[in-house]
Amino acid sequence: MPEGPSKSLFPTADFDWFPLKNPGLVSIPVAFFLGWLGTKLSKEQPDLAKTDELEVRSLTGIGAEQAVQH
């Protein structure tokens, strides 16, 4: 059985699924693909009026709340 890093909580256990030091090389593209797949398989219809409203708000700030004093 391969061993994990010497400073780990379980130094005699190895939980690696693939032999990479940076799991982001695999997990980030997989996450983007699953996000895209979820939007394509979704039955929800886009709300074009809400999309237009949010676009105007993001570009102009109209309808945004005032700053709150904490």
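Could you work out what % of the accessible surface of the chain is carbon and sulfur, using a 1.4 angstrom probe and leaving DNA, RNA and ligands out of the count? Please list the in-between numbers first.
Numbers: 4560 of 7130 Å².
Using a 1.4 Å probe with all protein chains present, the chain comes out at 64 percent carbon and sulfur.
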Below 29 Å, Cα to Cα, which lysines can Lys7 reach? Residues fewer than 8 away in the same chain don't count.
Lys21
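Residues of the chain: accessible area per residue at 1.4 Å, in Å²?
Working: 7130 Å² over 70 residues.
About 102 Å² of surface per residue is accessible.
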Reported label for calculated Rg/Rh (Cα atoms, Kirkwood Rh) given [x] 1.02; [y] 0.94; [z] 1.29
[z]
Which angle between 0 and 90 degrees, to the nearest 10, do you get for helix 24-41 versus the longest principal axis of the chain when only C-alpha atoms count?
40
If the elastic network links every pair of Cα atoms under 10 Å, which of Ser42, Ser27, Ser58 fluctuates the most in the Gaussian network model of the chain?
Ser58
Compute the acute angle (0 to 90°) between the alpha-carbon long axis of helix 48-60 and the principal axis of greatest extent of the alpha-carbon atoms of the chain; round to the nearest 10°.
90
Determine the calculated [θ] at 222 nm for the chain from helices alone, applying -39500 (n - 2.57) to every DSSP H run no shorter than 4 residues and normalising by the residue count; nearest 500 deg cm²/dmol.
-14500 deg cm²/dmol
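The values are calculated or read from the model by the stated rules, or taken from the named source; none is laboratory data. None of the values given here were measured: they were computed from a predicted structure. Accessible surface areas use protein heavy atoms only, side chains included; no ligands, DNA or RNA. Shrake-Rupley method; radii C 1.70, N 1.55, O 1.52, S 1.80 Å.
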